[in-house]
Structures are given as structure tokens and as C-alpha cells.
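Everything on this sheet refers to the single structure shown next.
The values are calculated or read from the model by the stated rules, or taken from the named source; none is laboratory data. For clarity, every value in this text was computed on a predicted model and none was experimentally measured. Cβ: placed from backbone, ideal geometry, glycine included. Neighbour counts: every protein chain shown.
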Amino acid sequence: MKIQHVTCLATNLDAMKSFYAGTLQMPVIEESADSFTVQIGASTLSYRRSDSPAFYHLAFLLAPGAFEEMKVRLTAAPGLMADTEGTVLFTSDQWTANHFYFEDPDRNILEILGTTAGETGAAPWARIGEVGLPVPNLAGFVSQIGHLVSTELPPESETFQFYGDDHGVLVLVREGRPWFPTDRRATAHDIGVVFEGSEEGVVQVGPVTLRSVLTA
């Protein structure tokens, strides 16, 4: 699943734009009074202004050569998130890569993985690798999206599943399950995901809109 574009909500829009463009060094490619879009390698990410707080989890794939520099940058501000044992650097089995977590100005839980997963020419950012989707029931959600987007990965439990492939995944979690490495419980908010697929189509399940576009 190659994720092309993700759309989320933000309350602190100006601070968010400054953080993504400045601290994360993601180029702003489009902006208005109520939204902005940044380029993340082969993907783009948009935030739209909202009066109601929202809470997301996203993971970005970064070229290995830039990983340590970004880790140092984010250790300084806003600081890396630790688990209950104080660990801040982790290893992902899904991506076979080191990764760490931090928060943006809206307190979304963001993750950076030091891998391009075999892709070249997208330095330093490769693409969006993970999009967290809290849902009431994982099996029910999968039954509603399975005709449009498939997975190569088996479910891990009734409350957690990586859904996709080695290019990108939807991180399906049951609403209320804490997002690692915190105790903050996942809540569902409006979100749109555009991904490359074998056919065009759109499916909406609650606040989640998934759109498949033909592979270029």
C-alpha cells in the first residue's frame, strides 16, 4: 500500500505548519488561511483548521543517512517519547528499522523510521509509512474496506493489526487502546487516506475516508 496523501485536522494550525516545515524540514507545497500541505518524499500530508481537538498517529519513513541527525534534532525539541522503562529508541519488526516517537504541537503521536524500504531517489524523506486508524471493531472495519484495499499481513489480535504491506500500512486499533509508547487512548477523528491500488474507488466508514487511485 503506497500512501499518496493523508488529510487530518489541526487546532494549532500556524504552530503545526512551523513545526512540520521547520523542525521536520518538510517542504510546504500548498497553503491557505485554513490549511497547509507538506511534501514527505512520495507522499503528501495536509492539515485543515478545526475548532475541535483531534488526535492522530502517523509514521514517516526517513532515509537512513538522515535518521541520526533528525533524532538529535527532535531530542532537543520537542523531546523523544519514552516507554515505561525509559527507552526512546526502538526496533520495528514490520520495517526492520530503528524508530522513535515524539509529539507535534497538536500532541499527535508521530513516529520516524530509519528506512526507505528499498525505495531510492526520495531523500531524505521517503514517504508516509503508517496511518493510525482507531475503530470500534477491527473485524467489522476490515469487512467494509476489504473489497477496496487488501493486506498481506495477518491480524495480531482483536485490538491491533497492521493492514497493508511492506510499502505502507493502516495501523488498525480498537478505540480506547493506548498508543505505544504512551498511555494515551486512541480516539477516532476525521481523516482521509489516498493510496495507490489496482482499481479506483472510495469507501467511508465513520470518520475514515479511504480512496484508491490507479497505480501510475
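Quick look at the values:
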item: Checking residue 37 against (1) assigned to a strand (DSSP E or B); (2) within 20 Å of residue 115 (Cβ to Cβ), the condition it does not meet; result: (2)
item: Residue tally, condition in a loop (DSSP other than H, G, I, E, B) and closer than 17 Å to residue 96 by Cα, over region 157-179; result: 2
item: Odd one out for residue 114, checked against (1) crowded, with 19+ Cβ neighbours inside 10 Å; (2) in contact with a Gly (Cβ under 7 Å, 6 or more places away or on another chain); result: (2)
item: Of the criteria (1) exposed (fewer than 15 other Cβ atoms within 10 Å of the Cβ); (2) in contact (Cβ under 8 Å) with a residue 12 or more places away in the chain, which one residue 91 fails; result: (2)
item: Count of residues meeting criterion [touching a helix residue (DSSP H, G or I) at 6+ places or on another chain (Cβ under 8 Å) and farther than 23 Å from residue 202 by Cβ] in region 130-159; result: 3
item: Some residue of region 182-191 being part of a strand (DSSP E or B) and buried (at least 16 other Cβ atoms within 10 Å of the Cβ); result: yes
item: Scan of region 100-123 for residues that are more than 17 Å from residue 25 (Cβ to Cβ) and at pLDDT below 95, ordered by number; result: 115, 117, 118, 119, 120, 121
item: Test result for residue 51, modelled with pLDDT of 95 or more, farther than 15 Å from residue 20 by Cβ, surrounded by fewer than 20 Cβ atoms within 10 Å (Cβ to Cβ) and in contact with a Lys or Arg (Cβ under 7 Å, 6 or more places away or on another chain); result: no
item: Identity of the residue in region 124-161, acidic (Asp, Glu) and within 17 Å of residue 2 (Cβ to Cβ), that ends up surrounded by the most Cβ atoms within 10 Å (Cβ to Cβ); result: 130
item: Among the residues listed as 66, 21, the single one being over 18 Å from residue 191 (Cβ atoms), at pLDDT 95 or above and not in a strand (DSSP E or B); result: 21
